[in-house]
Amino acid sequence: MTASITHPALPLKNIVVYPHIVQHLAVGRPASMAALKRSTERVTELVTVAQRAATIENPTIDDLHSVGTLVQIKRIESHDQGAQVIVQGERRVRIVAAVPDDECLLLEVEPLPVLSMPGDLPPDAPDRAAAEALLRENLALAQAIARLMDSENGDQIYQQLIGTLPDPVVQMYRIANLANLTVEQQQAVLAADDVRTLMEAVHGILTHEQQVAEVRRQIAEQARDDMEAQQREHVLRQQKRAIEHALGESEEDPDIAELKADLDRADLPETVRKEVDRELGRLGRMSANAADYQVARAYLELIAELPWHARTEDRLELAHAQAVLDEDHYGLEDVKNRILDALAVMQLNPEAKAPILCFVGPPGVGKTSLGQSIARAMGRKFERLSLGGLHDEAELRGHRRTYIGAMPGRILQAVRRAGVTNPILMLDEIDKLGRDFRGDPAAALMEILDPAQNQEFRDNYLNLPFDLSRVMFITTANTLEGIPRPLLDRMEILELSGYSDLEKQAIARQYLIPRQRTEAGLTEAQLDIPDDTLIRAIRGYTREAGVRELERVIGRLARKRARQVVDARAPLSESVQSEDLVELLGPEKFKPDQERESREPGVAAGLAWTEAGGDVLYVEATLTPKDEKVTLTGHLGQVMQESARAARSHLWSVADRIGIARSTIEENGVHIHVPAGAVPKDGPSAGVTMATALFSAYTGKPVPNDLAMTGELTLSGLVLPVGGIKEKLLAAHRAGKHRIILPAENESDLSKLPATVRSDLDITLVRTIEEVLTRAFG
């Protein structure tokens, strides 16, 4: 039995040291540095053993493999992070136990037998023959792998690394050391108890390495052959062109010839033709496999597909245009008249520039569909571009061809799709353009929309002048607030206000119901909606300026009706009654403000404008005794807060004249609240409403529940004009407010109001807050 010995141990990550093999090691852990120091103080020997898991920083004996190597330290180079150590393996050892130590890992080990070829056995012994056969096979595989890796110097490399070693066992260890193995594979070689097991383990490794080397050689040869083929093709093409040029002959590539024919048919301008000829010559000198070949080809295909001269003949008959616009849209007389005016000018002067129209209005009033109707009336092609959320200027102007994946901008792509130089391009949601480090799309639009500049518009991708002056641009927006002023100056603003209930009823009867009836596959008798049912659906299930939600409601009715017809539960002649709506559509979403019918003092109804149209906004005021502050709640903006303070200050200054006890103001603060606190509110038009609510709170007189008002109030008591009058009055009409107070200077806005709505409203025009209070309280 071999006696055991104790040595400092060096746990290793992802590496195994073999007997007689020199190995470089990086040492950095404190315990490993202590083991090095301990070994150099005595016999310069220590034990190296591989860890089972490389992630363990402080391994114990249970974390180590059972077989390691006793090594001789040849050299140590210390540095700040640890040391570089050169060791040479001496013999294999088996780990017996760990010896307690506070500084480093001490292991008790016992030496294992030294492996050697079975030379003492007779020549015909089976173990000797098998070992020699495996040895020769392994050496042959190792030499073959060296040749695969370096065909010229493979034999020399093999001889230097392996052939000069006299001991076959050491040769096997050297092969395992050079191979790209896992720790488990390396450990299996070290732990082999006899020569035959060692030879078999190395044979498996060499077989795998030979397969890997063969595949790598094939990949390298294939890549080299492909490169040589491309170079050969390029040289042959150059020689072919030279020979054809010398003989006065040339045979073009069929694809290039077809591309040239397309470019000839495009009838390019002279300046464009020169650039195209230069690019064609460059393309002809390229190999079809070149990286820039497809880029150049795609560029020329774009030029061939662009409509440089093609155009549609405008149909400018006013009667036809009027019929088309009336067929597609109800009302909108101002907008229709402006379009007809433009057509009349174009009829008298064909060279006149088309106007750049901007349709501004709440969602669902028909801005986008109006652009389609204009295109149909004029006989032009129509393309729509959505600009909402656009941040990158290159989306409009295109990307330069130097970038991978470059493409032309959206404007040029739309003209390309239209196929003519005079389409109608609708730029939708222009008020929702973004801006960031990639540029300002609004700045790019200023050139695109300016007739004085867009005659030679240069897309970054095309980099050639293209005439956009014949394009008729129409833009849409919900509000003008997000549009830069220089861009607004280039457009003619046409406001599309919301619809009254009667207008919505007519639109539903003329457009929405027939469309939803057709989509649901119903006949006129199967989907018959009387007027009273339609009005209840409008007032109880929608609250919008447009008709988009109304069409969804009618669509739900049509689908419910279709199911009843399929289930044979609805007679063909039965119409949809108003009392059926709850069953078909569920409870009404919007009901009159029942709780506002009898108001407490301090509550007044104002009229507000929103992007979705007009709305009724209530202002509530209450006194706070023994307090002088003005408390404002309801998510009010800065302008609205200033309006509230100005209203209180004015009432205080004229308290004696208007019948308010001055002591009531002086001894009480006031709290003003505007409901719907989660919704931001701002603007000066609530000034007279706040003053009326404050007067009601100070005097204890309630404001009539059918009265609504709007107007800006100055500190001196003047009532100034405000915007959005039509939308506000339509909202008041929807909410059942029949008595309205407006600034006198907004009288001209009443002409825009539908006659049916105007006749239902009792409108008072005022110039001062005293007139407002007189109208409200008598």
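Couple of notes before you dig in:
- Spacing of the modelled spin labels on residue 197 and residue 435, each 7 Å from Cα toward Cβ, amounts to 7.9 nm.
- Estimated translational D of region 690-737 in µm²/s (Stokes, Kirkwood radius over Cα pairs; 4 °C; 1.567 mPa s): 105 µm²/s
- Full-extension gain in nm, residue 463 to residue 584, via 0.36 nm per residue minus C-alpha separation: 37.7 nm
- In this structure, the residue pairs whose Cα-Cα separation is over 22 Å, taken from 432/591; 367/737; 367/728; 432/752; 432/728; 504/591, are 432/591; 367/737; 432/752; 432/728.
- Cβ-Cβ distance of residue 214 and residue 24, R₀ of 30 Å, FRET efficiency by 1/(1 + (r/R0)^6): the value works out to about 0.50.
- Residue-level accessible surface for residue 752, protein heavy atoms, 1.4 Å, Å²: 100 Å²
- Each of 629, 701 has its accessible area taken with a 1.4 Å probe; listed largest first, they run 629, 701.
- What the phi angles of region 454-463 give under the Karplus curve with 6.51, -1.76 and 1.60, with θ = phi - 60°, is a coupling list of 7, 5, 10, 5, 10, 6, 4, 6, 5, 6 Hz, glycine and proline written as x.
- Binned Cα-Cα distance frequencies in region 13-110 - 5 Å width, integer %: 3, 13, 24, 29, 23, 8, 1
- Mean separation of Cα pairs under 8 Å and 6 or more residues apart, divided by the residue count, gives region 473-568 a relative contact order of 34 percent.
- A Förster radius of 25 Å, combined with the Cβ-Cβ distance separating residue 352 from residue 267, puts the computed FRET efficiency at roughly 0.50.
- Entry for region 396-513 at q = 0.13, 0.16 Å⁻¹: log10 I(q)/I(0) = -0.63, -0.85, Debye formula applied to identical alpha-carbon scatterers, no solvent contribution.
- Rounded Å value of the spacing that divides the Cα centres of region 729-778 and region 331-390: 32 Å
- Placed amide H near residue 768: partners under 5 Å, 5+ positions off or other chain: 719
- Alpha carbon convex hull of region 660-767, volume per residue in cubic angstrom: 119 Å³
- Summed over the residues of the chain and divided among them, the accessible surface reaches 50 Å² per residue at a probe radius of 1.4 Å.
- Under the Debye formula (equal points on every Cα, no solvent term), log10 I(q)/I(0) of region 583-740 at q = 0.20 Å⁻¹: -1.33
- Cβ-Cβ FRET estimate between residue 384 and residue 234, R0 fixed at 45 Å, reported to 0.05: 0.45
- Counting only protein heavy atoms and using a 1.4 Å probe, the accessible area of residue 315 comes to about 110 Å².
- Among 519, 712, the sequence by solvent-accessible area, most first, with a 1.4 Å probe is 519, 712.
- Relative to the current alpha-carbon distance between residue 74 and residue 137, full extension at 0.36 nm per residue lengthens the span by 19.3 nm.
- Overall dimensions of region 525-575 by Cα: Rg and Dmax, Å: 12.0, 37
- Accessible surface ranking that places the most exposed of 404, 356 first, with a 1.4 angstrom probe: 404, 356
- According to the calculation over all Cα-Cα pairs in the chain, the P(r) per 20 Å bin from zero is 12, 23, 19, 18, 21, 7, 0 %.
- Listed by chain and number, the lysines whose alpha-carbon sits under 24 Å from that of residue 260, ignoring those within fewer than 8 places in the same chain, are 240, 274.
- Measuring with a 1.4 angstrom probe and ignoring ligands and nucleic acids, residue 652 comes out at about 90 Å² accessible.
- Cα centroid of region 30-45 to Cα centroid of region 452-527, whole Å: 85 Å
- 3J(HN,Hα) from dihedral phi, region 21-32, Karplus parametrisation 6.51/-1.76/1.60, rounded to Hz, x for glycine, proline: 9, 7, 9, 8, 10, 9, 10, x, 5, x, 5, 5
- When the convex hull of its Cα atoms is projected in every direction, mean area for region 321-441 (nm²): 9.0 nm²
- Rel. contact order, % - alpha carbon contacts under 8 angstrom, at least six apart, the chain: 7 percent
- Along its first, second and third principal axes, ordered by size, region 437-476 spans 32, 28, 14 Å in Cα coordinates.
- Region 156-194 versus region 614-678: alpha-carbon centroid distance in Å: 94 Å
- Linear extension gain, residue 155 paired with residue 455, 0.36 nm per residue minus alpha-carbon span: 100.6 nm
- From helices alone, the chain scores -13000 deg cm²/dmol at 222 nm; the rule is -39500 (n - 2.57) for each run of n ≥ 4 DSSP H residues, then divide by the residue total.
- Spacing of the two label points (7 Å from each Cα toward its C-beta) at residue 278 and residue 57, in nm: 6.4 nm
- Cleavage-rule hits, GluC sites (Glu not before Pro), region 314-412, DSSP coil, Cβ neighbours within 10 Å at most 15: 317, 351
The values are calculated or read from the model by the stated rules, or taken from the named source; none is laboratory data. Predicted model only: the values in this text are computed from it and were never measured. Counting neighbours? That spans all protein chains shown, and the Cβs are built from the backbone with ideal geometry, glycine included. Accessible surface areas use protein heavy atoms only, side chains included; no ligands, DNA or RNA. Shrake-Rupley method; radii C 1.70, N 1.55, O 1.52, S 1.80 Å.
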